[in-house]
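A.B. asks: Okay, handing you the structure first.
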Amino acid sequence: QVQLVESGGGLVQAGGSLRLSCAASGRPFDTLRMGWFRQAPGKSREFVAAITYRGETINYTDSVKGRFTISRDTAKNTAYLQMNRLNPEDTAVYYCAVKAGWGSLVSYDYDYWGQGTQVTVSS
């Protein structure tokens, strides 16, 4: 079992920044592949970014490349999503997730999910 606790969401103006945090427990952190997803009202859940065990491989969806940065800190058992130059289209509930299997990290079949944190970007 893996437990994920997210924080850092909030309300910001367009052009601003937020950093989301995801604290993981239940398994050694460097055995976990981590992902961030988001879901806007009326839309399906969307892959945002993923990072492998110690950051060897990183993936981003095209719409956030150059603006968002995923990272992880083994000493703190925490993954981060730094979001810069936010726009209203980034408004969504953001979810941290862990994939235990060997499949692609850009798919939706992750095994553990956080509770979600709301990010709202005003125009």
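The values are calculated or read from the model by the stated rules, or taken from the named source; none is laboratory data. Please read these numbers as outputs of a predicted model, since none were measured by experiment. Cβ sites come from the backbone with ideal geometry, for glycine too, and all protein chains shown count toward neighbours. Protein only, heavy atoms only, side chains kept; ligands, DNA and RNA dropped before computing areas. Shrake-Rupley method; radii C 1.70, N 1.55, O 1.52, S 1.80 Å.
A.B. asks: Pairs please, first residue from region 94-123 and farther than 22 Å from residue 3 by Cβ, second anywhere and open to solvent by 70 Å² or more (accessible area, probe 1.4 Å) and part of a strand (DSSP E or B), Cβ atoms under 7 Å, 6+ apart in sequence or on different chains.
C.D. replies: Going by the 7 Å Cβ cut-off, the qualifying pairs are 120/11; 122/11; 122/13.
A.B. asks: Looking at (1) out of contact with any helix residue (DSSP H, G or I) (no Cβ under 8 Å at 6 or more places or on another chain); (2) closer than 20 Å to residue 8 by Cα; (3) surrounded by fewer than 20 Cβ atoms within 10 Å (Cβ to Cβ), which one does residue 77 not meet, given that it meets all the others?
C.D. replies: Looking at each condition in turn, residue 77 falls short on (1).
A.B. asks: If residue 71 satisfies every condition in (1) under 17 Å from residue 6 (Cα atoms); (2) buried (at least 20 other Cβ atoms within 10 Å of the Cβ) but one, which is the exception?
C.D. replies: Failed condition: (2).
A.B. asks: Do you know which residues across region 69-84 are touching a residue at least 24 places away in the same chain (Cβ under 8 Å) and in contact with a strand residue (DSSP E or B) (Cβ under 9 Å, 6 or more places away or on another chain)? Before you say what the answer is, go through the steps one by one.
C.D. replies: Taking region 69-84 as the starting set, the residues that turn out to be touching a residue at least 24 places away in the same chain (Cβ under 8 Å) are 70, 72, 74, 76-84.
The answer is 70, 72, 76, 77, 78, 79, 80, 81, 82, 83, 84.
A.B. asks: Moving to a separate point now. Which ones in region 57-111 are part of a loop (DSSP other than H, G, I, E, B), among the charged types (D, E, K, R) and over 16 Å from residue 24 (Cα atoms)?
C.D. replies: Within region 57-111, the first condition is being part of a loop (DSSP other than H, G, I, E, B), and the residues that meet it are 57, 61, 65-67, 77, 84-87, 91, 100-111.
This time we only want the ones that are among the charged types (D, E, K, R), so: 65, 67, 85, 109, 111.
65, 67, 85, 109, listed by residue number.
A.B. asks: Being open to solvent by 40 Å² or more (accessible area, probe 1.4 Å) and among the hydroxyl-bearing types (Ser, Thr, Tyr) is the filter; apply it to region 96-121 and report the residue that is nearest to residue 10 (Cα to Cα).
C.D. replies: So the first thing to find is which residues in region 96-121 are open to solvent by 40 Å² or more (accessible area, probe 1.4 Å), and the list is 100, 102, 104, 106, 108-109, 111-113, 115, 118, 120.
Subset that is among the hydroxyl-bearing types (Ser, Thr, Tyr): 104, 108, 112, 120.
Numbers: 104: 30, 108: 25, 112: 23, 120: 6 Å.
This residue is 120.
A.B. asks: Which one of these does residue 65 not meet: (1) at pLDDT 95 or above; (2) surrounded by 12 or more Cβ atoms within 10 Å (Cβ to Cβ)?
C.D. replies: Failing condition for residue 65: (2).
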